[in-house]
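Below is one structure, written out as structure tokens, with a few remarks after it.
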């Protein structure tokens, strides 16, 4: 794979930015990589492990001369960062982000940018429950989807280069409208996360079942929810605040459906339950056939020793 | 490990019974193992792979002379099977089951049994999303909990032997009251499964997001729910029908909590969301420290190739 950008600046040095640094290096996609994080502790950690070529003490310094600038901060911080770096961006550079919500990021970021900057919002559908500068790894994006939501008048060459970068890191790229992105993500990511947080919260609060019982007996289903509910709280707070309408919309559908199943349990309608539980198997098969999950039992989960 | 029972009969030859057969053989815990399944196809498969020493064509034949009989059928079928085998049970033998609900199984099974049989209900908290005679493996129970719910007047020696068998297969054993078992399981297993089925159902029904989008973009959280929602429909129908009260109780708590978080999103109460998402991390840490899940990112999930 050959170099796509001479200089890439990563603003934010968490799981996604760190994984991008590892992946760009492994595949030789960037000449130089600079980085900045608001926390001095994160910057020190990134320097310590040589995560990027240069860790800068200001975002302005990091973006100087960069051909690609990546905003990899929580969605709620994107606007402030864009305002901070806007005067220092190289004319003709591309600015992208990795936020889980797209309409709110566009509204927060676009007004600050000079016309000479190509803003192409993006979102890699990849992650783990871990966060911070030590959590990244080069293969995070392999065979994962990277959604980009360029405006209709976006510069075609800039889009092509950004796509090539994502593909160079192993991802598949799809383009879609920002509003549709936010709805899709409310279904496949945001609502599932909220539900997982809720279920773990319920178990935490219940007095009739002790926390030690919840922990000991968690392998019967519950522990899967706790992985998702261990994700970064700041990131997820911002997701729900900024993708509010779509999340409330899907939550409404979820509650409706849950009440229907709850009623089937109360009325002892075994046929309805059986039919429902049979249909959901097809989606699992589709996901495995599409290469988006493993068919190994229990995810081929690592053995705890 | 030395032999604990001379002859063990497995009624039902799915994931749990199959895994018991593999584990008992590996550790030399049983002299002879017989098996029976209602479906001729399952019996043929079990014979084909030599899952047990003898696959019988009736449950009566399978239990003759058995020192331990294991009911490994869906909870809703336990009563009928108990009635069928009761006249053929050896006096002094132990009968156990592996059902996910305990009060309903006791009510369904106990009335059929002669006084000479030691009935010790049990439930291994172990499984995968796969089912059937091919899905078992010898290590399924290692470091998992096996709950038994003996009556207060249960024969101490029979309980000790059953515990030894479970421990011999690698499990940890806890004893508890059947009603408490059903409440605990409603929290750590039954409600999480119902919620997962519901979320997958919502995604399946939604017309504004296509099924192919749901499948392609599932790695952003949704796919975790689909694994649980791919579990055996008959088994889960029976669980909800027979642990109805506890499940409805916990579902009520879940909905209450979900509405609280939904309101926090609607009112844009970021602090409440952040605090909630921070507390749930502690439970995940507890589960990892208790050796009940891996700390590897994404469960150390098998790579899809």
| request: Filter region A:227-266 down to residues that are part of a loop (DSSP other than H, G, I, E, B) and facing chain B (nearest Cβ under 7 Å), then give me how many there are. | output: 2
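Restricting to region A:38-55, what's the tally of residues that are in contact (Cβ under 8 Å) with a residue 40 or more places away in the chain and under 24 Å from residue A:92 (Cα atoms)?
Result for region A:38-55: 2.
Evaluate the following for residue B:60: is it in the same structural domain as residue B:132 (by TED's automatic domain parsing), in contact (Cβ under 8 Å) with a residue 24 or more places away in the chain, outside any loop (DSSP other than H, G, I, E, B) and under 15 Å from residue B:97 (Cβ atoms)? So that I can check it myself, show each step before the final result.
Details: in the same structural domain as residue B:132 (by TED's automatic domain parsing): yes; in contact (Cβ under 8 Å) with a residue 24 or more places away in the chain: yes; outside any loop (DSSP other than H, G, I, E, B): yes; under 15 Å from residue B:97 (Cβ atoms): no.
Here the answer is no, as residue B:60 does not meet what is asked.
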| query | What number of residues in region A:192-207 are more than 7 Å from chain B (Cβ to nearest Cβ), over 17 Å from residue A:129 (Cβ atoms) and assigned to a helix (DSSP H, G or I)? | reply | 1
| Does region A:7-20 contain any residue that is in a loop (DSSP other than H, G, I, E, B) and either loosely packed, with under 15 Cβ neighbours inside 10 Å or modelled with pLDDT under 95 (or both)? | no
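A quick yes/no check of all residues on (1) over 14 Å from the mean Cα position of the chain (by Cα); (2) at pLDDT 95 or above; (3) on the phi > 0 side of the Ramachandran plot:
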{"site": "A:94", "(1), (2), (3)": "yes, yes, no"}
{"site": "A:122", "(1), (2), (3)": "no, yes, no"}
{"site": "A:126", "(1), (2), (3)": "no, no, no"}
{"site": "A:130", "(1), (2), (3)": "no, no, no"}
{"site": "A:141", "(1), (2), (3)": "no, yes, no"}
{"site": "A:154", "(1), (2), (3)": "yes, yes, no"}
{"site": "A:158", "(1), (2), (3)": "yes, yes, no"}
| Can you pull out the residues in region A:106-141 that are within 14 Å of residue A:178 (Cα to Cα) and either without any contact (Cβ under 8 Å) to a residue 24 or more places away in the chain or more than 10 Å from chain B (Cβ to nearest Cβ) (or both)? | A:106, A:107, A:108, A:109, A:110, A:119, A:120, A:121, A:122
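Please pick out the residue among A:269, A:295, A:275 that is more than 23 Å from the chain's Cα centre (by Cα) and farther than 24 Å from residue B:191 by Cβ. It would help to see each step written out before you state the result.
Details: A:269 fails: farther than 24 Å from residue B:191 by Cβ; A:275 fails: farther than 24 Å from residue B:191 by Cβ.
Every option except A:295 fails the conditions.
Can you go through A:126, A:108, A:104 and tell me which one is crowded, with 18+ Cβ neighbours inside 10 Å and either in the same structural domain as residue A:232 (by TED's automatic domain parsing) or assigned to a loop (DSSP other than H, G, I, E, B) (or both)? Before you say what the answer is, go through the steps one by one.
Details: A:108 fails: either in the same structural domain as residue A:232 (by TED's automatic domain parsing) or assigned to a loop (DSSP other than H, G, I, E, B) (or both); A:104 fails: either in the same structural domain as residue A:232 (by TED's automatic domain parsing) or assigned to a loop (DSSP other than H, G, I, E, B) (or both).
When all the criteria are applied, what remains is A:126.
Being more than 7 Å from chain B (Cβ to nearest Cβ) and part of a loop (DSSP other than H, G, I, E, B) is the requirement here; does residue A:295 meet it? Please lay out each step first, then the result.
Values: more than 7 Å from chain B (Cβ to nearest Cβ): yes; part of a loop (DSSP other than H, G, I, E, B): yes.
Yes; evaluated as a whole, the condition is true for this residue.
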| query | Among the numbered criteria (1) closer than 30 Å to residue B:278 by Cα; (2) in contact with a helix residue (DSSP H, G or I) (Cβ under 8 Å, 6 or more places away or on another chain); (3) free of Cβ contacts under 8 Å to residues at least 60 places away in the same chain, which single criterion is violated by residue A:173? | reply | (1)
| query | Within the bounds of region B:209-226, is there any residue that is more than 7 Å from every other protein chain (Cβ to nearest Cβ) and surrounded by 22 or more Cβ atoms within 10 Å (Cβ to Cβ)? | reply | no
| query | In region A:146-154, is there at least one residue being more than 20 Å from residue B:220 (Cβ to Cβ) and in contact (Cβ under 8 Å) with a residue 60 or more places away in the chain? | reply | no
| query | Given the conditions (1) modelled with pLDDT under 95; (2) under 20 Å from residue A:37 (Cβ atoms); (3) touching a strand residue (DSSP E or B) at 6+ places or on another chain (Cβ under 8 Å), and given that residue A:109 satisfies all but one, which numbered condition is not satisfied? | reply | (1)
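Which residues, counting only those in region A:142-171, are in a strand (DSSP E or B), facing chain B (nearest Cβ under 8 Å) and surrounded by fewer than 24 Cβ atoms within 10 Å (Cβ to Cβ)? If you could, list the steps in order and put the result at the bottom.
Initial filter on region A:142-171 (in a strand (DSSP E or B)): A:145-148.
With the extra rule that they be facing chain B (nearest Cβ under 8 Å), the set shrinks to A:145, A:147.
Residue satisfying the conditions is A:145 alone.
The values are calculated or read from the model by the stated rules, or taken from the named source; none is laboratory data. Here the structure is a predicted model, which means the values were calculated and not measured. Cβ coordinates were reconstructed from backbone atoms using ideal geometry, including for glycine residues, and neighbour counts include every protein chain displayed.
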